[in-house]
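Colleague: Starting off with a structure, shown below.
The values are calculated or read from the model by the stated rules, or taken from the named source; none is laboratory data. As the structure is a computational prediction, the values presented were derived from the model and not from experiment. In this analysis, Cβ positions are derived from the backbone assuming ideal geometry, glycine residues included, and neighbour counts consider all displayed protein chains. Surface accessibility is based on the protein's heavy atoms, side chains included, excluding ligands, DNA and RNA. Shrake-Rupley method; radii C 1.70, N 1.55, O 1.52, S 1.80 Å.
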Amino acid sequence: MKKWSIVLSLCLLILVVVAGCGGGSGTSGNNEDSEKVSITIWHNWTGQDAKAVAMRGIIDQFRADHPSIEVIDEGLPSDGLRTRLRTVAAADEMPDLFVMWPDAMTKEFVKGNLLQPINEELDNNREWKDKFIPNALDGYTVDGNIYSVPMNLAPSSFIYYNEALFNEHGVKVPTTWAELESAIQTFNEKDVIPIALGNKANWVVQSTLFSTLADRITGTEWFLSAIEQDGAEFTDPEFVEALRVLKNLGDSGAFQDGFNSIDETQMMQLYFQGKAGMVINGGWALANLVNNAPEEVLNNTHITILPPIEGGKGEENVTAGVVGTGLGVSKKLTGERKEAAMKLFYELAGPEGQKATLESSTLVSYDVELDRSKAHPLFVELYELMQDVKITPVYDSKFGSAATEVVNNSLQELLMNGNPEEVARKIQEAQAAAIGK
């Protein structure tokens, strides 16, 4: 009996020890779970271009360096991201961090009480804040509060041209509007697409061509007054003339047939295939060119800006664009999660992130020197061009989302034999309604 008592006691002891170990392990696991901070980030770094690869690499390195922080990232193409953000904004369900655009989008999100400012973080790190180029933070500043910093510089309108095709057909690289018209005529005669265009996603014409073309004619001051509906309207003669010049380009055969049915990627493919003498696109297209264009096209590609238009009120050495996308910080983010999110924010948009962006053949709005020995020659060409070229507003950075859609659709309609006066009226009505005038 005594023997069984001892055996029973030993069994009970083993059960207690095992239970104790199991209980301790479970508690420890729960503590680890509770200590791990989780943050979400939505971005548009989805492709295999050097910029996207660099940004995803920073996120992966951040995960490795901060094992106690779980980063849940979701990548969407730019058009899809814009749409998705506006959908979740309506439901007040923003991710913790998200790529957003300056000016109109930032103002809309601030008005919707969806963002929190980052003034404190910038003021606590003056070396970071003070190295942005002049006015770089303006597009993210609302009523004195700064809501993000630019992570690149996005001039939206350059002419990329194939010098070999220009030489083969005796075409001069245009420095005047008359020379551009002459180049279009000659390329058409030689069965070469003068300017490849893909306007299926209807922002392309507005962003990469019309914003600069219109500024050449109206001047920037007029445009900003028309946006505010303060002394200028989109039915004014200078804006109608800008629309007419764009329509004339289309009518002259500047673009290939079916340009409204292919997208930006297909547009670039036409240029890569050597079928087009020129393609008009933003600075972001350079990384695509460097990584994907055939060598015979890439080695003959050079960059210039849209030529001036005789009699126009705008400056000549300017191109449309914005300082670049930034990261929005959700208004709901607090405590440890905000602290973790701001660490990631700094890694992506701070000095090292800006350097990584520049090294990925992407312009930045930050004072960091380009290592020319490491950069592709075409990017060096773009970088040096931008030392003398000023940025004027791209249209979709100043119009609200509803009015922007009207502008984009109207320009698409214009190039399909629309009427300039009627298009001007639609744009004027949309902007007047947008600001309540």
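Colleague: How large is the accessible surface of W284 in square angstrom, using a 1.4 angstrom probe and rounding to the nearest 10?
Modeller: Surface accessible to solvent at W284 totals approximately 100 Å².
Colleague: Order 370-378, 420-428 from most to least packed using the mean count of other Cβ atoms within 10 Å.
Modeller: Per-residue Cβ counts within 10 Å, averaged per peptide and sorted highest first, yield 420-428, 370-378.
Colleague: Follow-up question, since we're still on this one. Please provide three numbers in whole Å: the alpha-carbon extents of the range 27-109 along the principal axes, with the largest listed first.
Modeller: Here the Cα extents, ordered largest to smallest, are 48, 34, 18 Å.
Colleague: Which of the listed residues, A104, P174, S410, is farthest toward the dipole's positive end in the chain, when Lys, Arg count +1 and Asp, Glu count -1 at the beta-carbon?
Modeller: A104
Colleague: Roughly speaking, what is the stretch gain from D263 to N119, that is 0.36 nm per residue apart minus the C-alpha to C-alpha distance, in nm to one decimal?
Modeller: Computed gain between D263 and N119 is 48.0 nm.
Colleague: So what is the relative contact order for the chain, in percent, with contacts set as C-alpha pairs under 8 Å and at least six apart?
Modeller: So the answer I get is 25 percent.
Colleague: Once the piece of chain linking H169 and R63 is laid out straight, how much longer is it, given 0.36 nm per residue of separation minus the C-alpha distance between them?
Modeller: Result: 32.8 nm gained on full extension.
Colleague: Okay, next question. For the chain, what is the calculated [θ] at 222 nm in deg cm²/dmol (nearest 500), taking -39500 (n - 2.57) for each run of four or more DSSP H residues and dividing by its residue count?
Modeller: Calculated at 222 nm, the ellipticity per residue is -15000 deg cm²/dmol.
Colleague: Residues with beta-carbon under 12 Å from that of K247, excluding K247: net charge, scoring Lys, Arg +1 and Asp, Glu -1?
Modeller: Value of the local net charge: -4.
Colleague: List the aspartates and glutamates whose Cα sits under 13 Å from the Cα of K374, skipping any in the same chain fewer than 8 residues away.
Modeller: E359
Colleague: What FRET efficiency comes out for A433 versus K331 if R0 is 30 angstrom and r is the Cβ-Cβ distance? Round to the nearest 0.05.
Modeller: Once the sixth-power term is evaluated, E becomes 0.60.
Colleague: Taking amide H positions as placed in the peptide plane 1.01 Å from N, state which residues far from V323 in sequence (5 or more) or on other chains have amide H under 5 Å from it.
Modeller: Long-range HN contacts for V323: A154.
Colleague: Full extension from E421 to D251: what is 0.36 nm times the residue separation minus their Cα-Cα distance, to one decimal in nm?
Modeller: 59.5 nm
Colleague: At 1.567 mPa s and 4 °C, plugging the Kirkwood radius over alpha-carbon pairs of the range 112-164 into Stokes-Einstein gives what diffusion coefficient in µm²/s?
Modeller: For these conditions, the coefficient is 97 µm²/s.
Colleague: At 0.692 mPa s and 37 °C, plugging the Kirkwood radius over alpha-carbon pairs of the chain into Stokes-Einstein gives what diffusion coefficient in µm²/s?
Modeller: 137 µm²/s
Colleague: Something else about it: When the Cα atoms of the range 87-146 are enclosed in a convex hull and the volume is divided per residue, what value in Å³ results?
Modeller: About 94 Å³ per residue, rounded to a whole number.
Colleague: Kirkwood Rh over Cα pairs of the range 39-177 into Stokes-Einstein at 37 °C, 0.692 mPa s: D in µm²/s?
Modeller: My calculation gives 182 µm²/s for D.
Colleague: Can you return the lysines within cross-link range of K190? Criterion is Cα-Cα under 25 Å, with same-chain partners fewer than 8 residues away left out.
Modeller: K172, K247, K275
Colleague: How large is log10 of I(q)/I(0) for the range 123-253 at q = 0.21 Å⁻¹ when the intensity is taken from the Debye formula with one equal scatterer per alpha-carbon?
Modeller: For the requested q values the scattering log ratios are -1.28.
Colleague: Same structure, new question: In the neighborhood of D215, defined by Cβ-to-Cβ distances under 11 Å, what is the net charge if each Lys or Arg adds +1 and each Asp or Glu adds -1?
Modeller: Local net charge: -1.
Colleague: Which entries in the list K51/K200; K111/K398; K313/K390; K129/K398; K200/K313 go over 26 Å, if you measure between the two C-alpha atoms of each?
Modeller: Checking Cα-Cα distances, K200/K313 exceed 26 Å.
Colleague: Here is a follow-up. Please report the orientation-averaged projected area of the range 329-374, defined via the convex hull of its C-alpha atoms, in nm².
Modeller: 3.8 nm²
Colleague: If one puts a single equal scatterer on every Cα of the range 108-197 and applies the Debye formula without solvent, what log₁₀ I(q)/I(0) results at q = 0.22 Å⁻¹?
Modeller: For the range 108-197, the Cα-only Debye profile gives -1.08.
Colleague: When every alpha-carbon pair in the range 292-437 is counted, what percent end up more than 26 Å apart?
Modeller: Value for the range 292-437: 52 percent of Cα pairs lie more than 26 Å apart.
Colleague: Scan the chain and note any complete DSSP helix (H) whose C-alpha atoms cover at least 30 Å along its axis and whose Kyte-Doolittle average is -0.5 or more.
Modeller: The answer, listed by residue number, is 2-35.
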